[in-house]
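I have placed the structure first, in the form of structure tokens, so that the comments after it can refer back to it.
No lab work stands behind these numbers, since they all come straight from the coordinates. The model shown is predicted, which means the values in this text are computed figures rather than measured ones. Backbone-built Cβ (ideal geometry, glycine too); neighbour counts: all protein chains shown.
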Amino acid sequence: MKKLERKSMNSSQIRKKYLEFFEKKNHTIVPSSSLIPFDDPSLLFTSAGMVQFKKFWATETPIPYTRATSCQKCLRAGGKDSDLEKIGLSGRHHTFFEMLGNFSFGDYFKEEAINWAWEFVTCEMKIDPQKLWVSYYSEDHETINIWKKILPENRIIPLGKKDNFWGPAGDTGPCGPCTEIYIDSGIDSSCSNPDCKPGCDCNRFLEFWNLVFPQYNQQADGTLLPLKRRGVDTGMGLERIARIMQGAGSNYETDLFIPLIRKLEEISGLKYTEKTMKEFRIIVDHIRATVFLIGDGVYPDNEGRGYVLRRIIRRAFFQGTKIEINQPFLLRLVSPVVSIFHDVYPNLEKTKEEIESVILEEEKKFIDLLASAKKIFSTDIEKLKNNIIPGEMLFRWYDTYGIPRDLIAELAEEKGFEPDWQEFEKHLKQQQQQARQKSIFEQRREPIFEMSPLNETIFTGYSNTEEQSNIIALYHLPDRKMWEIVLDKSPFYPEKGGQVGDRGIISGKNWSFEVIDSQIDPRGIIYHIGRFISGTFQDVEESEKVVARVSMEHRLDVCANHTATHIIHYCLRKISDNRAKQAGSYVGPERLRFDFIYPLPVNQDIVSLIESEVNRIILENHPVKVEEMTYQKAIEKGAIALFTEKYGEKVRVISIGDFHSELCGGTHVRRTSEIGILKILSFSSIGENLKRIEAVTRQHAYHWFKQKIEILQQATAQLKTTPENLLFSINKMKKQIQELENKINTLMEKASMDIPSTLKKNKKEISVKNKNVSVVTGRFDGLSFEQLGKIADGAASEITNAIILLTSVVNGRAIVLCKITPDVSKIIQASHVVKHITKILGGSGGGKAEFAQGSGKEIEKIDEVISNAHNIIKEISEQLN
RNA sequence: GGGGGAUUAGCUCAGUUGGGAGAGCACCAGGCUGGCAGUCUGGGUGUCAAGGGUUCGAAUCCCUUAUCCUCCA
């Protein structure tokens, strides 16, 4: 066997060889960034190695290195590039995977990139060059000329824009041609097409390395301008190269997956065979994604990233039910995943227990959902007249209740029903279109002018709140009726890390502009959003000199709340023995919100303990220090980091006194006493183990106290007492009320003894449709509907064949209530009587056969109506005939 | 970001064209039993998520907000 000439290599060795190879070529080894893109809300997850370097190509601001190499953890499971549906069907796609890459930012280009890639594959990996094919973008002549020097032309395949032209990531930005390297796994795995070659969807040619050459900058109008800092961006899936190096049939039969498959065999009692392959693959793929997502701080949720995680966990669990596992089991796969990766990603070991408990909770919830799904299915299906389930019903199950399609299909088959999937797809498509259209509409932004290229805004707001700068772009936001200004230098802090964007004023020669929000984009450009308060957009000149001034009041409030947030975090950790963990925060000018994971029950005592601790620290007037240092150094010094990793730049560390420090990009007060005072307004549980504290500081706290004290003063004034005696007075009053109520009840009971005699006095016998009926009337002013109803009930239990008609005057209106005993109600209905009577009284009403009510405004007619009731009722019954 | 659904007693949930707020469990009181387990009798403990509107009358219909579930992006 010739295959054995190449030595099998495990995945750790491949990672190491790759990074070392490029390090020798003067690349800086950059650690993998988090799966959650740092400062990039446009992207759901890190989906490629280049994500953390994106802005290095787009801008011309200084960068720490021009060559980099990394092994990046990636997730493609939601948003723009999702592979979720492909998992299990192919042996080469994953939701979570690792991508090896080398990058050039305005340094080397196609020639070196291609030659080094070839050298690595053939010399380091020792792959037989005869088996390698490549593809290139058909219009990229540079690339084909380089390849021609390396391998015969019949193994160099041109492909179109769809396959071999990359980007831009959004509508604008860096993009360029790419070239891909494939391995031919032999004619056996080919499709039947004799013309089979790279680009074909069958299994013969496996693409494993994509070299992208960002060289253009796409403009909003679609034109391609040359990129000044053009470069190289390559990506090789670790799972694919491992498969090749280990001679495996698919990515799943490598050392990255085998231990997981073995464990799953043990749990399910089934073997990994052709029959169970799909389920096994989906489960082991998804558990990796789950472990890494939770490890990077994502929790199951009903929107955004958390929602993607929830779907992944549920899909995996559902596959489990197909191989007859019906209890929580995914958590048992966490340990094997951690064992595979703990060398490369040591933080997994630390969060392992938490990952397990989050997964268990989610599995339990999903089991509940499946149970309720079955209930909904059987109730709805009874309404059907034939055995076809309409698409609308299918869609409602799926869309509203989240019942998985597969489950619907299973249940339907079990009960012998036929789902109309075609109609279902129509509904789904309609929803997709609607969502897409709406989201495009929301983001309309019309440029008035825009300097090119647009560079990262220089942020000066840590030290200054006022800045002389130049205006380099102006946009109109027609949907929000607002404008956006971009400056070359800005003191405005843009919204990030939970802290809201600064507000303030930008003034030019003939205009001034109120900034109500500041935002930042992935390129680091700060947008000042707001309205013109004098002048209009036509008065703004390109490159005009302006003065940008941040609102001090706004900034100070925000700073106080941000530092207060850190102190709350510190106190929570102290009280919980470091078990509390920040899950998110909002730092605005009026209030702050702090969400955290806390595995213990929290009661009011703990909340007030936290509040007094925080205020003690505020009063102790500790200095708040800001330092810049490397990430490594910060962690060594014990700073708390919410985001696990970030590329080699310096990070900011905020320290309070000598007891707490935290990585943070936000703005803070200089000493804790500037916070003034902190009041916790609410403490609530917002989910499984997830708690929320809302608090106010500075004048907002003062106003809170002031308002409460005013209420207290009003209350004491009303009760003619002092705050100290307030509780005593209230208790006394309560007792008095109780006594009074008892008295009233006694009186009512006495009075009600008279009611039957009153009613009897007013009883008249009439004949309706040859049936003897007693008409009983009464007027009890001041009694409510409810009380009249009770009287009517009492009367109805004593008199047979009765029509009871009661009235009263409440708030100047005549209210009417009618009760008719069951046998009589078949002849004449209470609602008819009430409608008729209330009409006479200038009102209306209605109800059911035995009971009805209504009201009218002409109270002077009540007595007449009552004394005439038996006649009126006779009339009604005759009309009905 | 855009849809669909939900929110009713401590918990799980019913509530029909708008017409008197309900069930089971839990809870409280009393009885039976030597004690426990148990059981019988009695008791509803409620801002129908919040606010506004329509109506003689709203848990129910309309609008706004909050929270949760779910689908799509």
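Would you please classify the overall shape of region A:260-355 from the alpha carbon gyration tensor, given that a ≥ b ≥ c denote the square roots of the eigenvalues, rounded means a/c under 1.5, and beyond that prolate means a/b larger than b/c while oblate covers the rest? Since a/c reaches 1.5 but b/c is at least a/b, the shape of region A:260-355 is classed as oblate.
When peptides A:410-417, A:391-398 are ranked by their average number of other Cβ atoms within 10 Å per residue, the highest-first order is A:391-398, A:410-417.
Along the axis of the charge dipole computed for chain A (Cβ charges of +1 for Lys and Arg, -1 for Asp and Glu, origin at the Cα centre), the listed residues A:165, A:447, A:46 are led at the positive end by A:46. Ranked by the mean number of other Cβ atoms within 10 Å of their residues, highest first, the peptides A:708-721, A:262-275 fall in the order A:262-275, A:708-721. Is region A:84-211 rounded, prolate or oblate when judged by the Cα gyration tensor, a ≥ b ≥ c being the square roots of its eigenvalues, rounded requiring a/c under 1.5 and prolate requiring a/b larger than b/c? Cα axes put region A:84-211 in the rounded bin.
Counting only residues at least eight positions apart within a chain, or on another chain, the aspartates and glutamates with an alpha carbon under 14 Å from that of residue A:161 are A:139, A:140, A:180.
Measuring between alpha carbons in the structure, the pairs from A:16/A:162; A:374/A:581; A:54/A:496; A:350/A:691; A:110/A:496 lying more than 28 angstrom apart are A:16/A:162; A:374/A:581; A:110/A:496. Oblate is the label for region A:347-441, because a/c, from the alpha-carbon gyration tensor with a ≥ b ≥ c as root eigenvalues, is 1.5 or above and a/b does not exceed b/c. Only aspartates and glutamates eight or more places from residue A:126 in sequence, or on another chain, were considered; those with a Cα closer than 14 Å are A:5. When chain A is described by a simple charge dipole with +1 on each Lys and Arg Cβ and -1 on each Asp and Glu Cβ, the residue from A:437, A:703, A:138 located farthest towards its positive end is A:703.
Here region A:280-435 is assigned +1 on the Cβ of each Lys and Arg and -1 on the Cβ of each Asp and Glu. Its dipole about the Cα centre then comes out at about 100 debye.
Here the relative contact order of region A:377-425, from alpha carbon pairs under 8 Å that lie six or more residues apart, stands at 51 percent. Pairs exceeding 28 Å between alpha-carbon atoms, taken from A:263/A:415; A:383/A:426; A:365/A:385; A:322/A:415: A:263/A:415; A:365/A:385.
Ignoring lysines fewer than eight residues from residue A:545 along the same chain, the ones with Cα atoms less than 20 angstrom from its Cα are A:489, A:509. Using a 7 Å offset from the Cα along the Cα-to-Cβ direction at both residue A:10 and residue A:537, what is the distance between the two label points in nm, to one decimal? About 6.1 nm separates the two model spin labels.
Using C-alpha pairs under 8 Å with a sequence gap of at least 6, the mean separation divided by the residue count of chain A gives a relative contact order of 7 percent.
Here region A:559-639 is treated with +1 on each Lys and Arg Cβ and -1 on each Asp and Glu Cβ, and its dipole about the Cα centre works out to around 160 debye. When peptides A:421-434, A:110-123, A:831-844, A:204-217 are sorted by average Cβ neighbour count within 10 Å, with the highest value leading, the order is A:204-217, A:831-844, A:110-123, A:421-434. Magnitude of the charge dipole for chain A, about its Cα centre and with charges confined to Cβ atoms of Lys, Arg (+1) and Asp, Glu (-1), is about 1540 debye.
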